[in-house]
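> Below you'll find the structure I mean.
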Amino acid sequence: MSANPSPTGKQPTATYDSAFLKACRREPVPHTPVWFMRQAGRSLPEYRKVREGVAMLESCMRPELVTEITLQPVRRHDVDAAIYFSDIVVPLKAIGLDLDIKPGVGPVVEQPVRTRADLARLRDLTPEDVSYVTEAIGMLTRELGATPLIGFAGAPFTLASYLVEGGPSRTYENAKAMMYGDPQLWADLLDRLADITAAFLKVQIEAGASAVQLFDSWAGALAPADYRRSVMSASAKVFDAVAGYGVPRIHFGVGTGELLGLMGEAGADVVGVDWRVPLDEAARRVGPGKALQGNLDPTVLFTDKDTVEARAAEVLDAAADLEGHVFNLGHGVMPNTDPDALTRLVEYVHTRSAR
């Protein structure tokens, strides 16, 4: 363990000198660290087995189940970080909103948020609302030892999109209509969601998460000017709220190539990049002072071993001059991915990038 103090001034934890946290801090690493979004679940047969007969939201509220699912990919793939198993709507469910995750559909909200009166339903989140998160993270950090745990939450824009639309959307017509047509209501909604999200991340960090990732899954639907005008301040509020903990803050969205600079500006230490923009170009857009995360196209894993390695090498080469790089997919692991392909990819990245 390093004798250097952690950024919070506390004694460093067992995870402080991990390759993942070093890369996030833009320090030299023994190898490029790897983890995958949606690594905890979906593609793993052992995940499907433990989840059998258990609804998604219920599975997020059982500490023993959360612990087992979070650990499965660490055991199988030897990834450099675990990602806490949950869902972006968990804090909304925890404050009493009537919503469910429907298989094959996604989160569905019984009463969409469309008026100022609806904001009253979005009360503050307390640690007691999500005591199962604190319990699960305590169990996880004991098991993980020197492997960092990444906490996560949905960003205000993506949560607002689900709440206003009532479920997944391709066009975001109701959410964007509110953003354009009633900017004050929209700003108040995002501000409320920023407080809830920040509270949810604080619970995870205080329980032992070594880093956090804010998923703005749908931010790619926005023009840069609209992101800056109507969304960025809410994401910045979340990042500011957890800045004092000194843990790396990762910001990720899909289709956000035009927003990369702004997403970094919102307060991230690490900017996640999907597969549409090469990492060297992403670094130019983000500017200095940030690490990058990404960005192999998840569908490459459906090809042969040689193709996967060639494409992974392209990602590593594009990242060669970055200040810090965390290897990841450009989005989540797809459900039909061969788990062995992920294990081989981790081994390849570790071997090829060994310093």
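The values are calculated or read from the model by the stated rules, or taken from the named source; none is laboratory data. Quantities reported herein were computed from a predicted structural model and do not represent experimental measurements. Counting neighbours? That spans all protein chains shown, and the Cβs are built from the backbone with ideal geometry, glycine included. When the accessible area is computed, the model is the full protein with side chains, heavy atoms only, and any ligands, DNA or RNA have been set aside. Shrake-Rupley method; radii C 1.70, N 1.55, O 1.52, S 1.80 Å.
> Determine which residues of region 182-201 fall in the zone a paramagnetic label at ARG228 would reach in this model, i.e. backbone nitrogen under 13 Å from the point 7 Å along Cα→Cβ.
none
> Carbon and sulfur atoms: what percent of the 1.4 Å accessible area of the chain do they account for? Could you put the intermediate results ahead of the total?
Values: 7130 of 14490 Å².
Taking all protein chains in place, the chain shows 49 percent carbon and sulfur surface.
> Counting pairwise Cα distances across region 1-126, what percent come out greater than 22 angstrom?
Numbers: 4253 of 7875 pairs.
In whole percent, the share of Cα-Cα pairs in region 1-126 beyond 22 Å is 54.
> Continuing with the same structure: Using the alpha-carbon atoms, what tilt in degrees (0 to 90, nearest 10) does helix 232-242 show relative to the longest principal axis of the chain?
60 degrees
> Provide Rg and Dmax in Å for the chain, with only Cα atoms included in the calculation.
Using the Cα atoms of the chain, the pair Rg, Dmax is 19.2, 57 Å.
> Here's something else I'd like to know. Between the helical axis of 339-352 and the dominant principal axis of the chain, each derived from Cα atoms, what acute angle in degrees is found, rounded to the nearest 10?
Rounded to the nearest ten degrees, it is 60.
> Give the accessible surface of the chain per residue, rounded to a whole number of Å², with probe radius 1.4 Å and ligands, DNA and RNA excluded.
41 Å²
> If each residue of separation counts as 0.36 nm, what is the full-extension length gain between ALA146 and ASP98 once their alpha-carbon separation is subtracted? Write down the numbers at each step before the final one.
Details: separation 48, 0.36 × 48 = 17.28 nm, distance 3.82 nm.
That pair, ALA146 and ASP98, stretches by 13.5 nm at full extension.
> Based on Cα coordinates alone, diagonalise the gyration tensor for region 35-83, multiply each eigenvalue by 5, take square roots, and list the semi-axes in whole Å, largest first.
Numbers: eigenvalues 66, 24, 15 Å².
With the √(5λ) rule applied to region 35-83, the semi-axes are 18, 11, 9 Å.
> Need one number: nm distance between label points at ALA313 and ASP188, each 7 Å from Cα along Cα→Cβ, rounded to one decimal.
The answer from the label model is 5.8 nm.
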